[in-house]
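Worksheet: the structure to be examined is printed underneath.
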Amino acid sequence: MDPSNPEIVLEVPPYLQVHKNGTIERFAGTEVAPAGFDSETNVVSKDILIIPETGVTARFYYPNSAAKTTKLPLVFYLHGGAFCISSPSDPLYHNSLNRLVAESNVVAVSVDYRLAPEHPLPAAYEDSWAALKWVASHASEHDDGEGEGCGNLLRDRVDFKKVFLAGDSAGANMGHYMALKLNALSSEPNFNVLGLVMVNPYFWGKEPIGVEITDTERKKMVDLWWGFLCPSDKGSDDPLINPFVEEAPGFEGVGCNKVLVIVAEKDILKERGKLYHKKLVNSSWQGTAEFYEIQGEDHVFHIFNPDCDNAKSLFKRIAAFINEQ
């Protein structure tokens with residue numbers, strides 16, 4: 001907190017400030033890129049209101065070159081931003097999703113869940129789950145769909161037997177918790193989630209591990225983030241942020257057959273990503289978990305620089321994971 005400015009009651013660097021009158025001032029993730037045709041990647045995007053009760057929207061992406069009669073895999077994407085900044089229309093995420101869709105030849109649904117602190121956690125989880133259920137409801141061949149042709153877009157272009165959950169940072173965290181609830185969608189027999197892609201997952205805990213032990217400044221910073229996002233007596237050992245505590249749901253409940261965990265060498269969160277992969281493969285879960293560490297990069301570098309060589313390699317790895325037979 002800046003002592004020279006008494007109007008600021010809380011700072012969550014580098015994301016936002018909370019003012020005395022309750023105003024939230026965000027320093028990142030506030031710019032907006034319009035949906036439409038991207039000539040560089042030949043990808044089309046469109047914004048749709050999907051949950052009228054809460055105002056949750058999603059941005060749809062599909063390759064313009066794909067024939068309408070060709071059914072493509074669906075990537076259900078949850079963006080990062082520490083649960084408190086950014087959106088699918090953030091130019092950084094919009095550009096990244098265009099490249100992911102073009103490289104993977106998929107349809108993507110990127111969810112604009114509500115942000116903390118205006119909508120305290122678990123609102124983001126609840127919005128994401130409601131959005132996934134909404135998508136699943138369109139898997140029926142007899143569904144009529146509602147709202148600006150969104151149902152037709154999904155039914156015409158998506159192979160609902162090939163659905164993938166994906167996200168980065170906070171979105172990867174939520175992807176894990178969406179995967180734990182997939183059995184609740186068993187009433188939709190035409191809807192099948194094959195895999196989960198987790199890029200730089202945002203997991204944490206009170207006790208430092210790995211590089212967190214020596215990198216005390218960044219450890220304190222990430223502790224501060226979670227304390228602001230989800231005030232509780234459990235702190236950074238709340239099961240939402242620490243899936244390794246005893247009271248968290250067991251890894252055997254992950255409801256898809258394959259998982260790809262991607263970490264970055266310089267990211268302080270990488271230790272938790274490594275631990276996630278280890279816990280998953282050593283649990284009684286029956287699927288296959290892949291692990292990929294990108295050297296020389298930091299947290300969500302591919303969002304900030306989607307055209308660098310390492311980002312291109314990351315997109316290719318995700319595309320291979322989605323399209324492997």
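Against the conditions (1) part of a loop (DSSP other than H, G, I, E, B); (2) touching a residue at least 12 places away in the same chain (Cβ under 8 Å); (3) out of contact with any Asp or Glu (no Cβ under 8 Å at 6 or more places or on another chain), A35 satisfies every one except (3).
Scanning segment 232-248 for residues that are out of contact with any helix residue (DSSP H, G or I) (no Cβ under 8 Å at 6 or more places or on another chain) and either touching a residue at least 40 places away in the same chain (Cβ under 8 Å) or among the hydrophobic types (A, V, I, L, M, F, W, C) (or both) yields a single hit, A248.
Only one entry of E265, E188 meets the criterion of being under 30 Å from S140 (Cβ atoms) and over 17 Å from the mean Cα position of the chain (by Cα), and that entry is E188.
Restricting attention to segment 276-325, which residues are of a type in the set (S, T, Y), over 20 Å from the mean Cα position of the chain (by Cα) and closer than 13 Å to L260 by Cα?
Going residue by residue through segment 276-325, those that are of a type in the set (S, T, Y) are 276, 283-284, 288, 292, 313.
Narrowing further to those that are over 20 Å from the mean Cα position of the chain (by Cα): 283-284, 288.
If the condition is that a residue be of a type in the set (S, T, Y), over 20 Å from the mean Cα position of the chain (by Cα) and closer than 13 Å to L260 by Cα, then T288 is the only one that fits.
Take segment 51-69 and flag every residue that is surrounded by 12 or more Cβ atoms within 10 Å (Cβ to Cβ) and under 16 Å from R157 (Cβ atoms). Listed by number, the residues that qualify are A58, R59, F60, Y61, Y62, P63, N64, A66.
Where residues in segment 259-288 are in contact (Cβ under 8 Å) with a residue 24 or more places away in the chain and of a type in the set (D, E, K, R), which of them is surrounded by the most Cβ atoms within 10 Å (Cβ to Cβ)?
First pass over segment 259-288, keeping only residues in contact (Cβ under 8 Å) with a residue 24 or more places away in the chain: 259-276, 279-280, 283-288.
If we keep only those that are of a type in the set (D, E, K, R) too, we end up with 265-267, 270-272, 274, 279.
On the way: E265: 11, K266: 14, D267: 22, K270: 23, E271: 20, R272: 26, K274: 16, K279: 15.
Checking each candidate, the answer is R272.
Please count how many residues of segment 18-40 are hydroxyl-bearing (S, T, Y) and farther than 14 Å from Y93 by Cα. Residues in segment 18-40 being hydroxyl-bearing (S, T, Y) and farther than 14 Å from Y93 by Cα: 2 in total.
Do the conditions hold for Y77, that is, is it under 20 Å from F301 (Cβ atoms), of a type in the set (F, W, Y) and either in a strand (DSSP E or B) or in contact with a helix residue (DSSP H, G or I) (Cβ under 7 Å, 6 or more places away or on another chain) (or both)?
Numbers: under 20 Å from F301 (Cβ atoms): yes; of a type in the set (F, W, Y): yes; either in a strand (DSSP E or B) or in contact with a helix residue (DSSP H, G or I) (Cβ under 7 Å, 6 or more places away or on another chain) (or both): yes.
The answer is yes for Y77.
Annotation: of all residues in segment 213-258 being assigned to a helix (DSSP H, G or I) and among the polar types (S, T, N, Q), the one that is surrounded by the most Cβ atoms within 10 Å (Cβ to Cβ) is S236.
Each value in this text was obtained by applying a stated rule to the coordinates, not by laboratory testing. Everything numeric in this text was worked out from a predicted model, so none of it was measured. Counting neighbours? That spans all protein chains shown, and the Cβs are built from the backbone with ideal geometry, glycine included.
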